[in-house]
Amino acid sequence: MASTATATGTDDVRAVRAFNRFWTQQIGLLQAGLVDTPWSLTEARVLFELAQQDATDLADLRRALQLDAGYLTRIVGRLKDAGLVTAERSADDGRRQVIRLTKVGRAEFGTLDGRSSDATAALLDGLPAADRRRLVAAMRGIEDTLAPRSDRPPRAYLLREPGPGDLGWMVQLNAAVYAAEYGWDQSYEALVARIVADFGEHRDPARERAWIADLDGEPVGCVLCVRRDDETAQLRILLVDPAVRGLGIGARLVEECIRFARAAGYRSMVLWTNDVLVSARRIYEAAGFALTDEEPHHSFGHDLVGQTWRLDLRPELAADRATIGSPSAASSDRAAS
C-alpha cells in the first residue's frame, strides 16, 4: 500500500509526529502509570467518562471513546477486579451492560483527577501569562481543526479598537494570508503598510475607525473605515485569519463598519477588491453592496480584475431597496454609479 505522506506533505507529517513525541513526554504519557498511579492513560480515560454520570451503557462508552469492543471489555474487567466498577445487565435490555463506579472507584478517580490538574498547573505556572495564552489558544486551534464540525461548540469573539502593535499585526496578517492563498508578492504588503500607516498618522477619530476581532484573547480579524471624501466612507483591508473562518467574523466586521459610517454622517460607502476574493465578495453582497465597476490590472505579481463596490447609506434609500427587492435595487445602484 502506497504511503499518503507524499500527498499530505512529508514535512507536515514529520512536524505532527515530532509534536506528538514532544507532548507525550511533556505530560508523562511514557510512564508506566498515569500521574504515579497503576492506571494507563486509556484506563484513566474510562474512569473519567464513568465519573461524569451515575451509570453508563458499555456500548455508549465504546462509541464515545472509539475503542475496540474486546479491548474495552478487558479494561472494564480489570477495573472490576480492582473493585473500581460494577457491571450488570440493563433492566431495559438484557443484552446490554451498565457500568457504574463504586465508592472506591470514585475515590480513585478523584486521585487521578487531582494529580492531573496539579501536573497541568505546574506546567502552566512556569510560563509567563502571554505564553500561557498562546499555548491555550494553540490547543484550542488544534481541537477546532480536528474535531468534526458538528461537534464544535459556538465560539464567542470580541470586536475592539486597535491597541499597541495591532496596526503592525494588520499588515503582517494581510501579507502572510494573501501570499499563502494567492501568491501575491511584497508589493501587496507595501500597499497595506501605506494604508495602515496613513490611518495611524492621520486618522480623524470622528469619521475614521479600525476594528480588531479577538477570539480566545488573540487577534484574528481586522477592518478599517476611512474617509474618502466628505460624503463617502471607504471600507479597507477586511481580513479574517483562515484558521477561524466560518464563524461570521467577517460579516460582523463589515456590519460594524457600516453602522459607524452611517452614524458618522456619510451618505455612501465604497470598497475596492479583486474578483478572486470570492468569500469577501459574498460578504459584501449580503451586506447590500452593489458592484459598480470592474477593470483588469496587473498587481502584486498577477493579472487580476479589480472591482469597485458601493453601498448607499441613506436610510430612506435603504428602505426603498428593501421594499422594491434586492435584485432591482442592485441594478439601480449599479446604473446610478
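Key figures
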{"read-out": "Extension gain from Ala32 to Arg133, taking 0.36 nm per residue of separation minus the Cα-Cα distance", "value": "33.3 nm"}
{"read-out": "Computed [θ] at 222 nm, deg cm²/dmol, the chain (DSSP H ≥ 4; -39,500 (n - 2.57); rounded to nearest 500)", "value": "-16500 deg cm²/dmol"}
{"read-out": "The chain: relative contact order as a whole-number percent, Cα under 8 Å and 6+ apart", "value": "10"}
{"read-out": "Among Glu255, Glu294, Glu108, residue whose mean-square fluctuation peaks in a GNM of the chain (springs only between Cα atoms under 10 Å)", "value": "Glu108"}
{"read-out": "Label point at Asp185 placed 7 Å out along Cα→Cβ; residues across the range 281-307 whose backbone nitrogen lies under 16 Å", "value": "297-304"}
{"read-out": "Alpha carbon Rg of the chain, scaled by the compact-globule rule 2.2 N^0.38 Å", "value": "1.38"}
{"read-out": "Debye intensity ratio I(q)/I(0), log10, the range 105-208, q values 0.21 Å⁻¹ (C-alpha model)", "value": "-1.20"}
{"read-out": "Rh by Kirkwood over Cα pairs, then Stokes-Einstein D for the range 229-289 at 1.306 mPa s and 10 °C, µm²/s", "value": "129"}
{"read-out": "For the chain, built as a Gaussian network whose Cα springs stay under 10 Å, the top-fluctuating residue of Trp272, Trp39, Trp309", "value": "Trp39"}
{"read-out": "J(HN,Hα) series, the range 293-306, from Karplus relation 6.51 cos²θ - 1.76 cosθ + 1.60, nearest Hz, glycine and proline x", "value": "7, 9, 7, x, 7, 10, 8, 6, x, 9, 7, 10, 10, x"}
{"read-out": "Solvent-accessible surface (1.4 angstrom probe) belonging to Ser116, in square angstrom, nearest 10", "value": "40"}
{"read-out": "Beta bridges by DSSP in the chain, antiparallel share as percent, to the nearest 5", "value": "95"}
{"read-out": "Listed residues Glu201, Glu208 arranged by accessible area, highest first, probe 1.4 Å", "value": "Glu201, Glu208"}
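The values are calculated or read from the model by the stated rules, or taken from the named source; none is laboratory data. This is a predicted model, so every value here is computed, not measured. Cβ atoms come from the backbone with ideal geometry, glycine included; neighbour counts cover every protein chain shown. The protein model used for the area step is the full one, side chains on, heavy atoms only, and it has no ligands, DNA or RNA in it. Shrake-Rupley method; radii C 1.70, N 1.55, O 1.52, S 1.80 Å.
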